[in-house]
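Beneath this line is the structure, given in structure tokens, with notes to follow.
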Amino acid sequence: MASTLTIKDLRVSVEGKLILKGLNLEVKQGEIHALMGPNGSGKSTLAYSLMGHPKYKVEGGEVWFKGQNILELAPDERARLGLFLAFQYPIAIPGVSMANFLRTAVNAVKGGKTNGNGGGGIPIAEFRKMLTEKMELLQMDKSFARRYLNDGFSGGEKKRAEILQMAMLEPEIAILDETDSGLDIDALRIVSEGVNTLAGPHMGVLIITHYQRILNYVKPDFVHVMVDGQIIASGGSELAHQLEAEGYDRYVKQAAGGS
Ligand SMILES: Nc1ncnc2c1ncn2[C@@H]1O[C@H](COP(=O)(O)OP(=O)(O)OP(=O)(O)O)[C@@H](O)[C@H]1O
Ligand SMILES: [Mg+2]
């Protein structure tokens, strides 16, 4: 049976201000969803809330995944359950290579244990084999694994790192928050191709963006429009094209009019 992420009436505040105002959304393994909406509508707030960021206070609602309300779980437990959350602004960790970072992440998420001596967890040979396979699948240069995490990475390379991490963790549901500013066409293409390569019956994807252009590369099964902390319209990929042509005005007015 396909795993489903079910968000029910989610309300979240940031620094005392209510941002998510009763959000409902269901994402199944095997489906690609795009969540779109104007700046400040609360898209990233949703991503951070799903991740369990301490700054985002859940005021109400539930998020169910595999029979658990994940809002009650720590971020690492959410990841072990099969959720992947890519960050809008990934941090740099100088001195930690991509490969080491990925091995730590794979061990943490896929249940392996480390004993502090570098032993335990996924055997190094198996890890290397998997890393090579995934990098070939994503057509990434081998030298990339030796780079230090995000240290001096271009926007495109950061995206590549994110997609590689997603490939290694093999999540059931991946949530990708794509910022508009600074995401050049190259980075956009990397994310889109990665999603197209990795998405399939075993992975569901929620792409958060307000950049309609990403949808020229990824064809979502469902498109949702978020305004003022709620999803106020949902449809197929045609909705994205309509948004591209008309913008969000109609939806913003609709939300403001309360109807
Ligand atoms: N850490 C924070 N501290 C203070 N306010 C915040 C914080 N995070 C979000 N907000 C506020 O919450 C609202 C929604 O912001 P959010 O970043 O979720 O919007 P968004 O839909 O992701 O916008 P964008 O399209 O620009 O990425 C904004 O008014 C923002 O100022
Ligand atoms: Mg955002």
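The values are calculated or read from the model by the stated rules, or taken from the named source; none is laboratory data. Model, not experiment: these values are computed from the prediction. Here Cβ is always computed from backbone atoms with ideal geometry, including for glycine, and neighbour counts include all displayed protein chains. Note: accessible area is taken over every heavy atom of the protein model, side chains too, but ligands, DNA and RNA are not part of it. Shrake-Rupley method; radii C 1.70, N 1.55, O 1.52, S 1.80 Å.
Here Ser49 clears all of (1) in a loop (DSSP other than H, G, I, E, B); (2) within 14 Å of ligand 1 (Cβ to nearest atom); (3) open to solvent by less than 50 Å² (accessible area, probe 1.4 Å) except the condition numbered (1). Checking the structure you have, find out if any residue of the stretch 4-19 is within 20 Å of Ala79 (Cβ to Cβ), outside any helix (DSSP H, G or I) and within 14 Å of ligand 2 (Cβ to nearest atom). Yes, because at least one residue in the stretch 4-19 is within 20 Å of Ala79 (Cβ to Cβ), outside any helix (DSSP H, G or I) and within 14 Å of ligand 2 (Cβ to nearest atom). For the stretch 22-45, state whether one or more residues are in a loop (DSSP other than H, G, I, E, B) and in contact with a Leu (Cβ under 7 Å, 6 or more places away or on another chain). So far as the stretch 22-45 goes, yes, one or more of its residues are in a loop (DSSP other than H, G, I, E, B) and in contact with a Leu (Cβ under 7 Å, 6 or more places away or on another chain). The number of residues in the stretch 113-164 being surrounded by 11 or more Cβ atoms within 10 Å (Cβ to Cβ), at pLDDT below 85 and over 23 Å from the mean Cα position of the chain (by Cα) comes to 3.
Being modelled with pLDDT of 90 or more and within 22 Å of Gly155 (Cα to Cα) is a property that holds for Leu35. Of all the residues in the stretch 134-165, those that are assigned to a loop (DSSP other than H, G, I, E, B) and under 19 Å from Leu176 (Cα atoms) number 4. Give the residues of the stretch 206-224 that are away from ligand 2 (no atom under 15 Å from the Cβ), open to solvent by less than 10 Å² (accessible area, probe 1.4 Å) and in a strand (DSSP E or B), sorted by residue number. Matches in the stretch 206-224: Val223 only.
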